[in-house]
Amino acid sequence: MEYPALIGQVPHASAEAWGRRTALLFKGRRFTFGDLESDALKISRRLQGFGLRPGERVALFLDNCPEYLHAYFGIPRAGGVVVPLSTFLAPPELHGILRDSGAAFLVASGATIARISPAL
């Protein structure tokens with residue numbers, strides 16, 4: 001396997017090398033390397049569809065779940081810069097990070113959006 005130069009290329013290179021092999025097990029669900037590539041690509045395309053421009057920052061506020069990986073790899077694939085946010089931070093801390101980072105987008109879930117809303 002040739003190692004990718006950019007983090008957004010990791011799922012693609014891994015899928016080419018190990019496609020149907022298990023990459024992740026989560027709550028009884030199995031994800032192959034091919035699945036991770038496909039899901040990261042979906043996130044990438046969705047962000048581009050929302051108008052993400054190269055170099056824009058995307059805040060990532062998700063619990064520990066497969067979707068975190070999908071977004072973590074999909075954001076740079078779309079040209080964005082990942083701004084990972086800890087779900088353990090309080091709203092004032094999150095507000096400061098969001099303000100200072102200049103994040104133009106936020107990736108969150110139904111479970112996390114209520115926790116970050118006061119910081120927006």
Would you point out which residue out of Arg20, Arg45, Arg115, Arg30 is in a loop (DSSP other than H, G, I, E, B) and of a type in the set (Lys, Arg)? Arg20
Taking the stated definitions as given, is Ala15 open to solvent by 40 Å² or more (accessible area, probe 1.4 Å) and either at pLDDT below 95 or in a strand (DSSP E or B) (or both)? no
Filter the stretch 81-111 down to the residues that are outside any strand (DSSP E or B), in contact with a Phe, Trp or Tyr (Cβ under 7 Å, 6 or more places away or on another chain) and buried (at least 19 other Cβ atoms within 10 Å of the Cβ) and list them by number. Leu85
Within the stretch 62-80, can you find the residues that are part of a helix (DSSP H, G or I) and either over 19 Å from Ser117 (Cα atoms) or touching a residue at least 24 places away in the same chain (Cβ under 8 Å) (or both)? Pro66, Glu67, Leu69, His70, Ala71, Tyr72, Phe73, Gly74, Ile75, Pro76, Arg77
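The values are calculated or read from the model by the stated rules, or taken from the named source; none is laboratory data. Note that the coordinates shown come from a computational prediction; the quantities given were computed from them, not determined experimentally. When we count neighbours, we look across all protein chains shown, and the Cβ atoms used for this are built from the backbone with ideal geometry, even at glycine. Areas reflect the complete protein model, heavy atoms only, side chains present, ligands, DNA and RNA absent. Shrake-Rupley method; radii C 1.70, N 1.55, O 1.52, S 1.80 Å.
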